[in-house]
Amino acid sequence: MKKTLISLGTFKQDDIFYDANLKKIFSSPSNPKKLRGYSIHIAATLLSLPMINWLNKHFISLQMVGNILVALVFCLITLYFTEQYVIKLYDNIEVREHFFSSLDYEEFLTQENKNSKIVVILWQCLIFLTVFLLLLFIITAVFTFLFLGILMLFATSLLTYSNVLERYRIIKQLNKELSNN
């Protein structure tokens, strides 16, 4: 994704972006090809569950330092792949300037204001849950906690790389501008 484009949401089957430098709204038609990869992620998750069960039975680390290193390595790998995923998701995206009618603009901002608040709260909860699960793994050495913590880290980092706080700030600013007009 270009550095200045912030994803704001979806409106009538179009992805809506805001360019922070130009202070303009752009849109890009939704791409149905993006949905193809979900079956691969589900299959990988299901295939990894027996491996986690095997690790829980056969790999016992009583050293907290070893658990910290394992968690750190998996976290770094997850962060790298998440960043690559977000870059690939928005790579070569075609955008055009988007014009709203006043009613559509108000409807879009009202909906996205609600959505952005929910996403920020979800992001904060995911951060807490990720830290909690990774600490449980470090203390207990149960790989199920590591697996769940890494899944939560993936979701957290997806939201982080998607600039949820910046999106929330922009939606708030656009709502303020709308109410002033």
- Message: At 0.36 nm per residue, and after removing the present C-alpha to C-alpha distance, how many nm does the segment from Gln13 to Phe81 gain when stretched out fully?
- Response: 21.7 nm
- Task: Please give the helix 38-58 orientation as an angle from the longest Cα principal axis of the chain, in degrees from 0 to 90, rounded to the nearest 10.
- Result: 20 degrees
- Rounded to a whole number, what % of the accessible area of the chain do carbon and sulfur atoms account for, probe 1.4 Å? 67 percent
- Query: With labels modelled as points extended 7 Å from the Cα through the Cβ direction, what inter-label distance (nm, one decimal) is found for Met64 paired with Met51?
  - Reply: 2.9 nm
- Message: Counting pairwise Cα distances across the chain, what percent come out greater than 29 angstrom?
- Response: 35 percent
- Query: Using r as the Cβ-Cβ distance of Leu22 and Asn180, and R0 as 22 Å, what FRET efficiency do you calculate, to the nearest 0.05?
  - Reply: 0.65
- Note on the structure: Any residue on another chain or 5+ positions along whose placed amide H is under 5 Å from the amide H of Asp15 is listed here as Ser28, Ser30
- What list of ³J(HN,Hα) couplings, whole Hz, do you get for segment 150-159 from phi and the Karplus terms 6.51, -1.76, 1.60, once you set θ to phi - 60° and write x for glycine and proline? 5, 4, 5, 5, 4, 5, 4, 6, 4, 5
- Note on the structure: If one compares the long axis through the Cα atoms of helix 64-90 with the longest principal axis of the Cα atoms of the chain, the angle in degrees, nearest 10, works out at 30 degrees
- Please calculate how many Å² of accessible area segment 72-113 carries per residue, with a 1.4 Å probe and no DNA, RNA or ligand atoms counted. 72 Å²
- Message: Tell me the angle of helix 102-140 to the major Cα principal axis of the chain, expressed in degrees between 0 and 90 and rounded to the nearest ten.
- Response: 10 degrees
- Note on the structure: Along segment 164-181, Karplus-curve 3J(HN,Hα) (6.51, -1.76, 1.60; θ = phi - 60°) to the nearest Hz, with x for Gly and Pro, reads 5, 5, 5, 4, 4, 5, 5, 4, 4, 5, 5, 5, 5, 4, 5, 6, 6, 7
- Query: Rounded if a/c is under 1.5, else prolate if a/b beats b/c, else oblate: with a ≥ b ≥ c from the C-alpha gyration tensor eigenvalues square-rooted, which is segment 85-127?
  - Reply: oblate
- Item | Theoretical gain in end-to-end length, Lys114 to Phe99 [0.36 nm per residue, Cα-Cα removed] | 3.3 nm
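The values are calculated or read from the model by the stated rules, or taken from the named source; none is laboratory data. Note that the structure is predicted; figures quoted are calculated from it, not measured. Ideal geometry is used to build each Cβ from the backbone, glycine not excepted, and the neighbour counts take in all protein chains shown. Ligands, DNA and RNA are stripped out before the accessible areas are found, and what is left, the full protein with its side chains, is counted by its heavy atoms. Shrake-Rupley method; radii C 1.70, N 1.55, O 1.52, S 1.80 Å.
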